Number of protein chains: 2
Amino acid sequence: MDYLKRREKLYEWMDNEAIDLVMLQDNELRRDTSIRWLTGQPGDALLFLSSEKKALLVPWDINVAKLYASCDSMIPFPEYDCDPMKALGHATNRLKILQGAKIEIPSCTPYPDFLQYVDKIPDYDIICRKEGAKSWIERLRMIKDDDEISVYRALSALTNQIIDAIEQNVQDGRLKTETDIAMFIEYEARKLDCEGTGFTTLSAGAERSFGIHAFPSYTAAAFAGPGLSILDFGIVYHGYTSDVTMTFARGPLSKSQEARLDLVTKAFDLALSKVKDGASCKSIAQSVDTLFKKSRCSMPHGLGHGIGLQPHEAPFLRSRSEEEWKLAPGMIFTIEPGLYHPVEGGCRLENDILLTENGAEVLTRSKIVRL
Amino acid sequence: MDYLKRREKLYEWMDNEAIDLVMLQDNELRRDTSIRWLTGQPGDALLFLSSEKKALLVPWDINVAKLYASCDSMIPFPEYDCDPMKALGHATNRLKILQGAKIEIPSCTPYPDFLQYVDKIPDYDIICRKEGAKSWIERLRMIKDDDEISVYRALSALTNQIIDAIEQNVQDGRLKTETDIAMFIEYEARKLDCEGTGFTTLSAGAERSFGIHAFPSYTAAAFAGPGLSILDFGIVYHGYTSDVTMTFARGPLSKSQEARLDLVTKAFDLALSKVKDGASCKSIAQSVDTLFKKSRCSMPHGLGHGIGLQPHEAPFLRSRSEEEWKLAPGMIFTIEPGLYHPVEGGCRLENDILLTENGAEVLTRSKIVRL
């Protein structure tokens with residue numbers, strides 16, 4: 001990955017915005033994979049980027065950072081008692097930030113913490129805004145670069161391998177319970193040199209598939225018994241996650257179960273047919289809403305979302321989105337229509353889509369499996 | 001669980017603080033298990049608590065909430081387009097909050113969002129503070145009630161069962177890789193009716209045990225080869241997590257590896273000997289620092305932390321803590337001294353401790369296993 005090139009893009013933005021220092025933070029309470037995107041450091045760190053184009057990393061675990069991170073210098077976080085304000089105070093010295101300079105802290109900084117920053121670091125102009133560095137990085141990250149697209153091609157092949165194996169093993173009765181399937185995915189993923197799963201696998205047999213995100217995520221109960229079962233999972237390769245959902249339908253099904261399966265498939269195809277450069281994410285999602293509404297159904301979640309170093313990234317395909325996201329080549333995102341009924345169960349079909357100059361490419365092949 | 005009794009404690013605090021409405025939020029970006037503690041709802045919801053003692057839950061998934069949540073009323077979050085500000089606007093009407101009343105929003109609300117709340121809900125006094133409702137609930141949660149202690153006794157028995165099985169299976173060579181062990185834990189946990197693991201299992205063979213939290217968390221590589229391997233895991237029962245770390249030491253070990261194992265064991269015993277009602281968490285942690293310093297070692301993380309619905313809760317046993325936490329009966333927390341070396345590897349020993357009127361009780365039995 002060309003981390004320097006990515007940082008250059010941010011330095012350029014800082015220059016335009018007249019920001020002298022950007023601070024990013026990734027910790028247990030507030031994950032920010034932007035640090036990984038900019039340096040390769042997998043987590044638990046602060047990152048300071050100065051207008052002089054210097055990247056100072058402050059990792060919790062220096063041993064891990066030495067193996068993974070690309071930056072100009074690093075100092076272990078414990079040297080600042082793991083206190084971000086102390087670290088910022090020191091970074092301004094080390095990076096020679098002049099008094100009165102503009103320092104942008106993470107947009108997710110809690111209000112009480114913001115007051116403390118302003119109080120403890122009085123010689124600088126501390127900025128915290130929604131449309132700032134972090135949201136700019138998120139915009140940059142929407143368009144995957146060639147390295148990232150290569151990773152996604154490899155990742156999708158691995159995901160498809162697992163999808164096929166699951167289908168086969170469920171058909172053959174070798175994977176019987178919700179846990180069997182979740183464990184199979186974890187095991188196969190690590191065997192295929194993946195970092196693991198991108199989020200907790202949701203494996204819900206017919207009794208529990210009414211939940212959008214089943215709780216608990218999986219149990220020792222049977223999977224793929226009579227009715228509709230849902231399996232939602234993603235695996236992580238070089239930090240990037242896939243995100244797919246298969247529905248397993250074991251008959252006999254009721255007429256309305258059949259109708260919903262049909263409707264979800266139609267919704268997926270409809271959405272896919274509208275994917276092209278410049279398309280409005282909101283209007284794609286609204287077209288699916290309209291389709292469902294005709295059959296007196298409604299979907300309680302968004303139609304899709306970008307994927308990358310996080311399982312949910314921009315752009316968001318939502319019918320009630322405030323932001324007007326437009327599709328563009330290089331974007332990788334899910335399309336995942338779903339319908340849920342407290343008695344008849346749920347069904348969802350989710351695949352990962354890459355938009356290229358030549359149009360939509362469906363990277364993964366999850367489907368509704370008939371048993 | 002007596003959710004009503006818990007809410008009563010909060011209503012009492014609201015009365016003292018003259019707060020008319022408390023809003024709590026649990027979502028993907030900012031988890032807050034307080035909602036589960038107060039209602040049983042396992043996640044993804046807003047909770048509004050009024051000074052008139054009414055609890056209004058706004059869950060993302062109404063089907064899941066109907067199964068789990070105890071509250072006075074509920075409205076699905078999608079009815080507000082999953083927008084917390086819209087939901088708050090409506091809650092003030094529904095709960096008949098008078099204009100000018102004090103409304104406390106979550107302490108973790110980002111600064112830019114706080115400005116929006118103030119702007120969009122101008123008729124109320126919007127409060128966001130560090131030492132507010134959320135931190136008060138965290139203080140209440142430090143002292144486990146009888147129901148919670150019963151859960152922890154059962155949970156510890158299950159955790160110990162898994163600890164013993166892992167030791168046996170590693171000794172016998174049946175669990176060979178990092179992934180084998182992580183999968184074994186997941187599988188056994190679900191079989192024992194647990195919700196799953198409390199955090200990603202960290203399973204690091206001798207090549208990777210230098211990391212405080214190994215990255216990736218586990219791989220297909222060998223576990224428990226010559227040298228020091230670390231296994232850090234927790235399982236979840238009725239929402240509550242255990243948190244233990246075993247170290248596996250396969251000889252021949254170097255003198256300094258032996259010395260560090262010895263030191264970590266001594267540190268654990270030293271800390272445990274100081275656990276009693278009224279003891280200062282900071283001074284316990286400092287006594288371990290002093291012990292390590294005598295051998296020219298230092299620990300890059302805290303000595304321990306409370307556990308409960310979250311894997312890291314108050315009180316915190318840290319030598320450089322700003323807050324002066326004192327131990328009290330009903331607290332359940334970890335003691336987890338560890339030392340890490342980039343070449344010789346890491347070792348950590350972590351067990352869960354319950355403090356009762358009669359003193360410290362070590363709930364779990366993880367240990368340094370010699371191979």
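The values are calculated or read from the model by the stated rules, or taken from the named source; none is laboratory data. As the structure is a prediction and not an experimental result, all values here were calculated from the model. FYI the Cβ positions are ideal-geometry reconstructions off the backbone, even for glycines, and counts take in every protein chain you see. Just the protein is used for accessible areas: all its heavy atoms, side chains included, with ligands, DNA and RNA removed. Shrake-Rupley method; radii C 1.70, N 1.55, O 1.52, S 1.80 Å.
Here are the numbers for this structure:
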quantity	calculated
For region A:205-329, the Rg and Dmax computed from alpha carbons only, in angstrom	16.0, 45
Pairwise centroid distance, computed over Cα atoms, of region A:203-243 with region A:305-342, Å	19
Simple Cβ-charge dipole of chain B, Lys/Arg +1 and Asp/Glu -1, about Cα centre, in debye nearest 20	1000
Accessible surface, per residue, of region B:3-140 when the full set of protein chains is kept, probe 1.4 Å, Å²	43
Within-11-Å neighbourhood charge of B:Asp81 [Cβ basis; K, R +1; D, E -1]	0
Using a 7 Å Cα-to-Cβ projection, A:Gly278 label spacings across copies, nm, ascending	7.7
Value in Å of the Kirkwood radius, where the protein assembly as shown supplies the Cα pairs that are averaged	27.1
Solvent-accessible surface (1.4 angstrom probe) belonging to B:Lys86, in square angstrom, nearest 10	100
Net charge dipole size for region B:271-371 [Lys, Arg +1 and Asp, Glu -1 on Cβ; Debye, nearest 20]	500
Set B:Lys266/B:Lys367; B:Lys276/B:Lys326; B:Lys9/B:Lys326; B:Lys5/B:Lys276; A:Lys191/B:Lys176 screened for pairs whose C-alpha atoms are more than 19 Å apart	B:Lys9/B:Lys326; B:Lys5/B:Lys276
Using alpha-carbon coordinates, inclination of helix B:178-191 to the longest axis of chain B, degrees	50
Per residue Cα convex hull volume in Å³ - calculated over chain A	142
Percent accessible area from carbon and sulfur atoms, chain B, protein chains only, probe 1.4 Å	49
Shielding by partners - mean other protein chain Cβ count within 10 Å, residues of A:189-196	5
GNM flexibility winner over chain A from A:Tyr111, A:Tyr124, A:Tyr11 (Cα, springs under 10 Å)	A:Tyr111
Furthest towards positive pole of dipole, A:Ile143, A:Leu98, A:Pro337, structure part the protein assembly as shown, Cβ charges	A:Pro337
Å² of accessible area per residue within region B:143-370, as computed with a 1.4 Å probe and no ligands counted	38
Relative contact order of chain B, pairs being alpha-carbon contacts under 8 Å that are 6 or more residues apart, as %	13
Per-selection Kirkwood Rh - region A:3-140 (Cα, Å, 1 d.p.)	14.7
Nearest-ten-degree value, helix B:133-142 long axis tilted from longest Cα axis of chain B	40
Dipole in debye (nearest 20) - the protein assembly as shown, about Cα centre, beta carbon charges: Lys, Arg +1; Asp, Glu -1	400
Label distances, nm, B:Lys96 versus same residue in remaining copies, Cβ-directed 7 Å point	6.7
Trypsin sites (Lys or Arg not before Pro) restricted to region B:8-78 and DSSP loop, no more than 15 other C-beta within 10 Å	B:Arg30, B:Lys53
Label 7 Å beyond Cα on the Cβ vector: B:Ser256 copy-to-copy distances, nm	7.0
Chain-alone versus full-assembly comparison, region B:85-127, residues with accessible loss of at least 40 Å² (1.4 Å probe)	B:Tyr111, B:Pro112
For the pair A and B, total buried accessible area rounded to nearest 100 Å², probe 1.4 Å	4400
Leading residue at positive end of dipole, chain B (Cβ point charges), from B:Ser217, B:Ala279, B:Pro78	B:Ala279
